[in-house]
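Derivation of every value follows stated rules applied to the coordinates shown; laboratory data play no part. Fair warning: this is a prediction, and the values are worked out from it, not measured in the lab. We place every Cβ from the backbone using ideal geometry, glycine too, and count neighbours over all the protein chains shown.
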Amino acid sequence: MPALPDNPEALPLRSAWSFLEAHGLAEEATAIRTSTDQLGSYTSTLKRGKVTDLLANKNLIDEFVSDKWPNGATDPGRRLIQRYLSIYQRFLSGSPEEEEIEEEDLDETRFAYETDLRDYLASNLRLIEDGLEPWAAPDHPAVEFPVDDRGRRIDILAKDRDGTPVVIELKVSKGHERTIGQALYYQGRIAQIFSAERVRIIIVARTISPELRTATAGLLDVDLFEYRLSMTLTRAE
């Protein structure tokens, strides 16, 4: 399986170390460079996720892209940035030891597809439920809604026709039983943030595992959806 570090368009780690050191972040750069953390088969890609998150938190990512990583300003590069952040968020949420990472999830094209699918659903929430719409909050978009200071984000935060917050978690491949633990944490955080008496959960996956069905069977306000995509071709005239 090809590894991201061999990709010449990937975030250049060597340049990242020197850039971080030049901006007074030598200690953080060393910690990332020497880390043995791993997420499934991700090693260098996880380092890139940590670097990207650090750059974003220090408001340095635009400068880094301009000075060290021209590909980061392209559409594929922006998708890579989101991929790195997503991988790091999965690491923070405990996924490295808990969640099975399937080979199809490691493909860059697959990740772009995941991002596109998430954005498509965010713009077409009626496909999930009539009356569902993105949650409007000052300074925070509904997509990748932040819930804490550790970088954890909800795929889509919505509200139903009654105004009830709805946490929507998207799994491109299989929805495992461990998904509900993450979603329940998000549910609790949204209840705290907005002082909401009720917060719903919707999990969307290509395949809902039997274990996830069992884990959620007795839970209120949890709905499971499986998605299917189709393609229609027309001859160009």
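Here are the numbers:
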{"quantity": "Rounded, prolate or oblate (a/c below 1.5 giving rounded, otherwise prolate when a/b exceeds b/c) for the stretch 4-98 by Cα gyration tensor", "calculated": "oblate"}
{"quantity": "Estimated distance in nm for a label pair at Asp149 and His23, the labels positioned 7 Å out from Cα along Cα-to-Cβ", "calculated": "2.0 nm"}
{"quantity": "Loop trypsin sites (Lys or Arg not before Pro), the stretch 179-237 (other Cβ atoms within 10 Å of the site Cβ: 10 or fewer; DSSP)", "calculated": "Arg228, Arg235"}
{"quantity": "Local electrostatic count, Trp69, Cβ distance below 13 Å [Lys/Arg +1, Asp/Glu -1]", "calculated": "0"}
{"quantity": "Cα-projected label distance for Ala196 with Asn124, points at 7 Å along beta-carbon direction, nm", "calculated": "2.4 nm"}
{"quantity": "Cα shape, the stretch 108-226, gyration tensor, a/c 1.5 rule", "calculated": "rounded"}
{"quantity": "Förster radius 30 Å - calculated FRET efficiency between Asn59 and Thr36 (Cβ-Cβ, nearest 0.05)", "calculated": "0.55"}
{"quantity": "Alpha-carbon centroid distance for the pair the stretch 111-185 / the stretch 36-55, whole angstrom", "calculated": "23 Å"}
{"quantity": "Counted charge near Ser18, where neighbours are those whose Cβ lies closer than 14 Å (Asp, Glu -1; Lys, Arg +1)", "calculated": "-1"}
